[in-house]
Amino acid sequence: MAGRSFCPENAWAWPMVLPLLLLAISAVVQLTSTFGGGDEEPQSVGKPTSEPVLEGAPNPWPEFAPPMPQLLVDNWRCTARCSRMTESDREIVLKLLADFGCGDPAKEEDDTGASVICATTPEQLCVGFCGGGQYDMPKTLPGTFGPGSVEAANAAADVQALRIYYEGYWQCAHECIADAVVVDSTRPDAAAKALSILKRCGVVQLAGGYDLQLLGEVQNAIDDIGRKPKLYKKLLSTKQLHDGRYQVYLPYREPFNHTEALGANAQVLEILEGYFAEKTFGIDHVSVLVSASPSGTQSLHPDVMWFSGLSVSVHTALVDVTPEMGPTFFCPCTAESIQRETWPGSAAVKATTLQMKECFGPSFAPKFVKKGTITIYDGAMFHQGLANGSGKDRPVLKLEVGAKGFPEKRGYIASAPPAGKKQALLFREGMGPPRMGT
């Protein structure tokens, strides 16, 4: 059935934890402490292994996509089979989760690793086992991987499906780099155009999206926080981000208690409403995120290890951003799909990107981002902040929005400073579902 959801009701609340499960379930808890449960940005592994495509650089669409990475083929063999998991194998996985302690509210609440593992679907855990290469899959899940399993009956169809998905992914990413994702906010159909790009690419930029006069007032209010050392210190978080990044949570008061001041004007709200579709949405948290100079390049990562369409970042440039200031590098079309038909392909792309630590499809970093530009992107899409060696800090107004119930499930502010957490909760109360308090 077209558009059918891959997962059961409320499946959006089930994270994709492939990076945590690739080794083995016994290592997940230890890895979770490193990755912050999928919510914090992992530490940098150095510069991207390939140069980002900058705005305006020649990148002609080839007659055909380049050869598929072998890792993608291997991961597809896992995701395709796991998407057809038998009921008997599903029961095996559910028992493993129960034995691990899933279903015990106390364990899931107190143990970050447990909360992540217990939120996976059987299919996702299956991919973790298979992709890790440390399990004898025919013995572990015989109905799905053993002799006479669904693999043999679908092998030929899987190969063709992978080719189709891969070429579609490559073309999508090619069409979503640089200028292709920039929309002039003054055009009559700006919201509709931006929504279309966001749905296809996972990222869109609204040029001139934020009123500069209002931005000046907001900047003054931000500067006022900096002039109050005690308040600033209480709202400052240096532990949630890495590689020279830090953030200051904003207080729920004038002028920040208005959606327009946060970068969510009527145009942006229209885009968010269209993107979340039938799901209501509200604020996760609000802060000023700063990439200090000097700072290194972040590792490639999604902000959340969940499906697309559940968490959206709205970033407003508070200054003009040049290449030397380390703009955000994007890998379009890499967010994990929740739809049954496209989940195997998107999950394979995600697993492969995690393992390769680079985009293997077309990608880009904007050459110049003008002050007041609003960048909207899906938190499940891969991206990274590039190194800032300009001698100037790069601040952005960071608004994160989530589908109803998702911010609580994600738990990002659990590691925020107490004052920051308090303010985030006030924002959630005042600007929550169904439409950020509007």
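Rounded to the nearest 0.05, what FRET efficiency do ALA292 and ARG253 give with R0 = 25 Å and r taken as the Cβ-Cβ distance? Could you check? Could the numbers behind the result be given before it?
On the way: r = 26 Å, r/R0 = 1.04.
Computed FRET efficiency for ALA292 and ARG253 comes out at 0.45.
If the cut-off is 19 Å between C-alpha atoms, which lysines fall inside it for LYS193, apart from same-chain ones fewer than 8 positions away?
Qualifying lysines at Cα under 19 Å: none.
Under 1.5 on a/c is rounded, so check that first for the range 329-378, then, if it is not, pick prolate when a/b is larger than b/c and oblate when it is not; a ≥ b ≥ c are the square roots of the alpha carbon gyration tensor eigenvalues.
Details: a/c = 3.67, a/b = 1.77, b/c = 2.07.
It is oblate, given that a/c is not under 1.5 and a/b is not larger than b/c.
Identify the GluC sites (Glu not before Pro) of the range 233-294 meeting these criteria: DSSP loop state and at most 16 other C-beta atoms within 10 Å of the C-beta. If you can, show how the numbers build up before the last one.
Numbers: sites: GLU260, GLU270, GLU273, GLU278; in loops: GLU278.
Of the GluC sites (Glu not before Pro), the ones in loops of the range 233-294 whose Cβ has at most 16 other Cβ atoms within 10 Å are GLU278.
Where the accessible area of the range 287-392 is counted over protein heavy atoms with a 1.4 Å probe, how much of it, in %, is carbon and sulfur?
On the way: 1450 of 2560 Å².
For the range 287-392, the apolar C and S fraction of the accessible surface comes to 57 percent.
Below 22 Å Cα-Cα, how many Lys pairs turn up in the range 390-438? Only count pairs eight or more apart in sequence, or on different chains, if you could. Write down the numbers at each step before the final one.
Working: LYS398/LYS409; LYS398/LYS421; LYS398/LYS422; LYS404/LYS421; LYS404/LYS422; LYS409/LYS421; LYS409/LYS422.
Counting lysine pairs in the range 390-438 gives 7.
Give the distance, in whole Å, between the Cα centre of the range 383-438 and the Cα centre of the range 322-361.
Centre-to-centre (Cα) distance: 22 Å.
Roughly how many nanometres apart are two label points built 7 Å out from the Cα toward the Cβ at LYS139 and ALA207?
6.1
Pairs LYS350/LYS370; LYS95/LYS279; LYS199/LYS367: which exceed 25 Å Cα-Cα? Present the calculation step by step, with values, prior to reporting the outcome.
Numbers: LYS350/LYS370 31 Å; LYS95/LYS279 32 Å; LYS199/LYS367 23 Å.
Flagged as over cut-off: LYS350/LYS370; LYS95/LYS279.
The values are calculated or read from the model by the stated rules, or taken from the named source; none is laboratory data. This is a predicted model, so every value here is computed, not measured. When we count neighbours, we look across all protein chains shown, and the Cβ atoms used for this are built from the backbone with ideal geometry, even at glycine. Each accessible area value is taken on the protein alone, full model and side chains, heavy atoms only, with ligands, DNA and RNA left out. Shrake-Rupley method; radii C 1.70, N 1.55, O 1.52, S 1.80 Å.
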